[in-house]
Amino acid sequence: MSHDLAATSATAAAGTAPDTIAGKPAPEKAARTTRPRRGGFRFPKITTTRLLLIALWLGSWQVIATHWIDPFYYSTPSAIWSRLVDWFTGGTAFGSIWEQILVTLQEAVLGFLIGSVAGVVLGVLLGRGRFIAEVCAPFIKAANAIPRIVLASLFVIWFGLGMSSKVATAVVLVFFAVFFNAFQGAREVDKTLVDNARILGAGPRQILTTIVLPSATSWILASLHVAFGFALIGAIVGEYTGADRGLGLLINHAQGTFDAAGIYAGMIIITVIALLAEYLLTLLERRLLVWRPPSSAADARI
């Protein structure tokens, strides 16, 4: 008893609250120490820094191209901007720029949808069926090793210069990107969870829809971010190989006329499309994974 009183008086003399002595920190202090400090101006500071880096990059490029390198080969930001203004106000040599964007976007979206669905379905099925996966493994690896540019040339011969050959090229690029992630996601499902579901009477279809697919969702959605970029690449490569419309045709024409500004302008338009698609896919991912608890690294996401 005397030891407890001595401890209490000592801590009181040191200015410690009674709740702390009992092992219970004061609510105000606990909240004050555990609440993370977040900068109120974090987002504007990041955005401002990014804009300054872009301005520094473009300004240095303009100065270097004016005084030290030949702008005929490397172009300048001002010439690229002029080319973009000409395309969006007066059109291109092949018609309206919006028509070229729409054609490329249609090819990329169709290739993305078809390749993603095929990749998810086959990836999950082979991921759950080990025997058929072992049988098909060498054929899938051989097909994935074929250079895509060769397939693009074959697709132009098979399907012509229309949209079909570009969609086929995009499908091939998207399929393998999604397939391997879906396959691995289906393989990574917790075996104990599947066994428990079978003990409770769940059939193969119920296991697939309630356990396998939700577990593989993160893998599949992660691959979709890369897959749309591959779909754009497939559409552009197909148009570059042979087409009568599209952004790839514009870039090919700019290369043939030594128009470096036109090449850069086409690249900028493609980049903007890819960034908008990435933003939409991020919104879709957040909506589909709303059930998942937030990770500790969520605040550090760029």
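The values are calculated or read from the model by the stated rules, or taken from the named source; none is laboratory data. Quick caveat: nothing in here was measured; it's all calculated off a predicted structure. Because the Cβ atoms are built from the backbone with ideal geometry, glycine has one as well, and the counts that use them run over all protein chains shown. Heavy atoms of the whole protein, side chains included, go into the accessibility calculation; ligands, DNA and RNA do not. Shrake-Rupley method; radii C 1.70, N 1.55, O 1.52, S 1.80 Å.
Residue pairs whose Cβ atoms lie under 7 Å apart, separated by 6 or more positions or on different chains, with the first residue in segment 140-153 and over 15 Å from residue 175 (Cβ atoms) and the second at pLDDT 85 or above, are 149/237.
Listed by first and then second residue, the pairs linking a residue in segment 102-115 that is modelled with pLDDT of 95 or more to a residue that is hydroxyl-bearing (Ser, Thr, Tyr) and open to solvent by less than 10 Å² (accessible area, probe 1.4 Å), with Cβ atoms under 9 Å apart and 6 or more places separating them unless they lie on different chains, form an empty list. Out of curiosity, is residue 82 of a type in the set (Ser, Thr, Tyr) and either surrounded by fewer than 19 Cβ atoms within 10 Å (Cβ to Cβ) or modelled with pLDDT under 90 (or both)? Yes; evaluated as a whole, the condition is true for this residue. Only residues that are β-branched (Val, Ile, Thr), over 19 Å from the mean Cα position of the chain (by Cα) and at pLDDT below 90 were counted across segment 252-302, and they come to 1. Within segment 243-274, work out how many residues are of a type in the set (Ser, Thr, Tyr) and in a helix (DSSP H, G or I). Qualifying residue count for the region: 2. I'd like the full set of residues that are in a helix (DSSP H, G or I), over 21 Å from the mean Cα position of the chain (by Cα) and surrounded by fewer than 17 Cβ atoms within 10 Å (Cβ to Cβ), limited to segment 154-186. Correct list: 154, 157, 158, 159, 164. Of note, residue 236 does not satisfy the criterion of being more than 22 Å from residue 116 (Cα to Cα) and either part of a helix (DSSP H, G or I) or among the acidic types (Asp, Glu) (or both). Checking the stated criteria, residue 64 turns out not to satisfy the condition of being modelled with pLDDT of 50 or more, open to solvent by less than 60 Å² (accessible area, probe 1.4 Å), part of a helix (DSSP H, G or I) and touching a helix residue (DSSP H, G or I) at 6+ places or on another chain (Cβ under 9 Å). With respect to the conditions (1) in contact (Cβ under 8 Å) with a residue 60 or more places away in the chain; (2) surrounded by fewer than 17 Cβ atoms within 10 Å (Cβ to Cβ), residue 96 falls short on a single one, namely (1). Of all the numbered requirements in (1) open to solvent by 30 Å² or more (accessible area, probe 1.4 Å); (2) part of a helix (DSSP H, G or I), residue 201 misses one, and that requirement is (2). The residues in segment 210-253 that are more than 27 Å from residue 160 (Cα to Cα) and not aliphatic (A, V, I, L, M) can be counted, and the count is 8. The single condition among (1) touching a Leu at 6+ places or on another chain (Cβ under 9 Å); (2) at pLDDT below 85; (3) not hydrophobic (A, V, I, L, M, F, W, C) that residue 127 does not meet is (1).
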